[in-house]
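A.B. asks: Pasting a structure here, questions to come.
The values are calculated or read from the model by the stated rules, or taken from the named source; none is laboratory data. Every value quoted in this text rests on a predicted model; they were computed, and no experiment measured them. Every residue, glycine among them, receives a Cβ derived from its backbone with ideal geometry; neighbour counts consider all protein chains shown. We work out accessible area using only protein heavy atoms, side chains counted, and drop any ligands, DNA or RNA first. Shrake-Rupley method; radii C 1.70, N 1.55, O 1.52, S 1.80 Å.
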Amino acid sequence: MNEKRGLLIGRMQPLHKGHISVIKETLKEVDELIIGVGSADQSHTNSNPFTSGERVMMLTKALREYNIDPSKYYIIPLEDVSCNALWVAHVKMLTPPFCKVYSGNSLVKQLFRENNMEVVQPPLFNRREYSGTEIRKRMLNNEDWESLVPSSVAEVIKEIKGQERLINLNIKEVSEM
Ligand code: ATP
Ligand code: MG
């Protein structure tokens, strides 16, 4: 039965402490949680710097760091599709069956509701700081970003030289300007 299996989608660019809080809270409501890594085909851009594999690694290590029972979740990369109208079918094809969607994204909410799925908007934790956009901005400005992500995620970002990647992506060659 899929009655107590939920779906939560985030791009996790990178995974931060807000994502961990919402995962922990949602796991209190469902038996199993499908964690969809959105825009899995995107990487090496300013807003999507990390690959799907890197983000799966961040999630796997961080959920272990927070002692979250591995039998309770599935991590599934979800590539974008060019037709929004087909996106829900695409997600359903790639994931275990689920009955409830947890999202704060307007498009995600709209598309699932049009498919008669129950959608709930979980509360945001310390959104001023726990935000992918804020963390990428701090990485570019060499400000403290490490305190906003689990320490295992900071380790992954160091291993893959993620901060340098983001900085290099933002350096415009004269010919590009
Ligand atoms: P970006 O700024 O790159 O869009 P983001 O912080 O919004 O990053 P996403 O990867 O877009 O994070 O994931 C979005 C989902 O993650 C939201 O729909 C919400 O469910 C959850 N989320 C993001 N930030 C928080 C937070 N601070 N507290 C709780 N949930 C959060
Ligand atoms: Mg977002």
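A.B. asks: Return the pair list, or none, for Cβ contacts closer than 6 Å from residues in segment 49-62 that are farther than 20 Å from ARG138 by Cα to residues that are open to solvent by less than 10 Å² (accessible area, probe 1.4 Å) and part of a helix (DSSP H, G or I), at least 6 apart or on different chains.
C.D. replies: Taking only residues 6 or more apart or on different chains, the pairs are MET57/VAL156; ALA62/VAL153.
A.B. asks: Return the only residue of LEU107, LEU169, LEU124 being under 17 Å from the mean Cα position of the chain (by Cα), aliphatic (A, V, I, L, M) and assigned to a helix (DSSP H, G or I).
C.D. replies: Matching residue, one of LEU107, LEU169, LEU124: LEU107.
A.B. asks: Let me ask something else about it. Could you list, in sequence order, the residues of segment 106-126 that are among the polar types (S, T, N, Q) and open to solvent by 80 Å² or more (accessible area, probe 1.4 Å)?
C.D. replies: SER106, GLN110, ASN116, GLN121
A.B. asks: Scan LYS72, LYS100 and give me the residue that is open to solvent by 30 Å² or more (accessible area, probe 1.4 Å), of a type in the set (Lys, Arg), closer than 23 Å to GLU54 by Cα and modelled with pLDDT of 95 or more.
C.D. replies: On inspection, the qualifying residue turns out to be LYS72.
A.B. asks: Another question about this same structure. Pairs only if they're at least six apart or on different chains, beta carbon under 9 angstrom, first in segment 149-177 and acidic (Asp, Glu), second open to solvent by 70 Å² or more (accessible area, probe 1.4 Å) and at pLDDT 95 or above; list them, first residue then second.
C.D. replies: If the second residue must be open to solvent by 70 Å² or more (accessible area, probe 1.4 Å) and at pLDDT 95 or above, the pairs left are GLU155/LYS61.
A.B. asks: Kindly evaluate GLU118 against the criterion of being under 18 Å from VAL30 (Cβ atoms), more than 17 Å from the chain's Cα centre (by Cα) and of a type in the set (Asp, Glu).
C.D. replies: Against the criterion (under 18 Å from VAL30 (Cβ atoms), more than 17 Å from the chain's Cα centre (by Cα) and of a type in the set (Asp, Glu)), GLU118 qualifies.
A.B. asks: Please tell me if SER82 is more than 15 Å from ligand 1 (Cβ to nearest atom), open to solvent by 40 Å² or more (accessible area, probe 1.4 Å), of a type in the set (Gly, Ala, Ser) and part of a helix (DSSP H, G or I).
C.D. replies: no
A.B. asks: Hey, another quick one. Could you look through segment 6-33, keep only residues that are more than 13 Å from ligand 1 (Cβ to nearest atom) and under 17 Å from MET117 (Cβ atoms), and pick out the one that is surrounded by the fewest Cβ atoms within 10 Å (Cβ to Cβ)?
C.D. replies: Here the residue is GLU29.
A.B. asks: Within the set of pairs 6+ apart or on separate chains, which have a first residue in segment 85-105 that is among the hydroxyl-bearing types (Ser, Thr, Tyr), a second that is within 16 Å of ligand 1 (Cβ to nearest atom) and assigned to a loop (DSSP other than H, G, I, E, B), and C-beta atoms under 9 Å apart?
C.D. replies: Once the first residue is among the hydroxyl-bearing types (Ser, Thr, Tyr) and sits in segment 85-105, its partners that are within 16 Å of ligand 1 (Cβ to nearest atom) and assigned to a loop (DSSP other than H, G, I, E, B) give THR95/LEU78; TYR102/VAL30; TYR102/GLN121; TYR102/PRO122; SER103/GLN121; SER103/PRO122.
A.B. asks: Name every residue in segment 127-142 that is free of Cβ contacts under 8 Å to residues at least 60 places away in the same chain and surrounded by 11 or more Cβ atoms within 10 Å (Cβ to Cβ), in order of residue number.
C.D. replies: Of everything in segment 127-142, those that are free of Cβ contacts under 8 Å to residues at least 60 places away in the same chain and surrounded by 11 or more Cβ atoms within 10 Å (Cβ to Cβ) turn out to be GLU129, GLU134, LYS137, ARG138, MET139, LEU140.
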